[in-house]
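The values are calculated or read from the model by the stated rules, or taken from the named source; none is laboratory data. What you are looking at is a predicted structure, and each value in this text was computed from that prediction instead of being measured. Virtual Cβ from ideal backbone geometry, glycine too; neighbours counted across all protein chains shown. All accessible areas refer to the heavy atoms of the entire protein, side chains included, with ligands and DNA or RNA removed. Shrake-Rupley method; radii C 1.70, N 1.55, O 1.52, S 1.80 Å.
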Amino acid sequence: MLTDFLSSIRQKIPHQIAQLYSKLMPIQCILCGSDHSEQIICEPCRSELPGLGNACPRCASPLQVSSLCGNCLTHPPVQTVTISLYPYLPPIDRLISDMKYHNKLYLTNFFAQQLCDKVKDRPLPDMLIPIPLHPTRLQHRGYNQSWEIARLLAHKLSIPVCHDALKRVRNTLPQASLPFSKRKQNLSQAFALGNISLPDHVALIDDVVTTGHTANMAGKVLQKAGVDQIELWTIARTIRHY
Ligand SMILES: [Zn+2]
Ligand SMILES: [Zn+2]
């Protein structure tokens, strides 16, 4: 009972306080409920999270072997590299939904740490740019999960983060609510450039990559402004081919 009460409190507080709390109090793994210290997902559960396996290095589509997929050969996306942690499958889909829509912002630190571990030995970009939300949606949700992850990653990797390099100038319908045939059109002119100078090499940060249209539209705006190399870093990748 007491544990449930403490757990419910932890889920309602900002992740910085949750981090402090986790250092002071043992917490339960959010997946299996076992007691342990500091980590919100215990080591055994982490080792059982689904992996992407072989994937296209440019768009992260799962493949039999890690080589460029047919789509990237014929219609290459704007990003030259996509780093994605997990396939968008249970329990990752539920964790991302909890992070985005149910205020479980403490999950951003877990995902940011996993991303940090995955990219830290690669040549790093000069700036992290989170995919922005439209101000109306930001106001409604209260936070942008991609911004939170980018901010934590920037700190862990000592890279600058810029949350106003891109602006969402059209309040588009949520991509997930649309059939795939309408998603590209939905994002037409959705992004504009902020008033900052950009380096040659940046990484866009997003939670999930599905069709890749969002990153492509955002990346094109950066490319037009002279950015030479654009990477895309995401937590998850949907596993269907489009
Ligand atoms: Zn566990
Ligand atoms: Zn590809």
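Brief remarks on what is shown
- Taking H140, H75 and ordering them by how much accessible surface each has at a 1.4 Å probe, largest first, produces H140, H75.
- Taking a ≥ b ≥ c as the square roots of the eigenvalues of the Cα gyration tensor, the range 98-161 is oblate, since a/c reaches 1.5 or more and a/b is not larger than b/c.
- Distance (nanometres) between label positions extended 7 Å along Cα→Cβ at E48 and R122: 2.9
- Gyration tensor verdict on the range 49-237 (Cα atoms; rounded if a/c is under 1.5, prolate if a/b is larger than b/c, oblate otherwise): rounded
- Entries of K167/K224; K104/K156; K118/K167; K156/K220; K100/K224 with Cα pairs more than 24 Å apart: K118/K167; K156/K220; K100/K224
- Excluding ligands, DNA and RNA, the accessible surface per residue across the range 68-138 is 43 Å² with a 1.4 Å probe.
- Cα centroid separation - the range 53-75 against the range 120-151, whole Å: 25
- In nm, spacing of pseudo-spin labels at H155 and S66 (7 Å Cα→C-beta vector): 3.0
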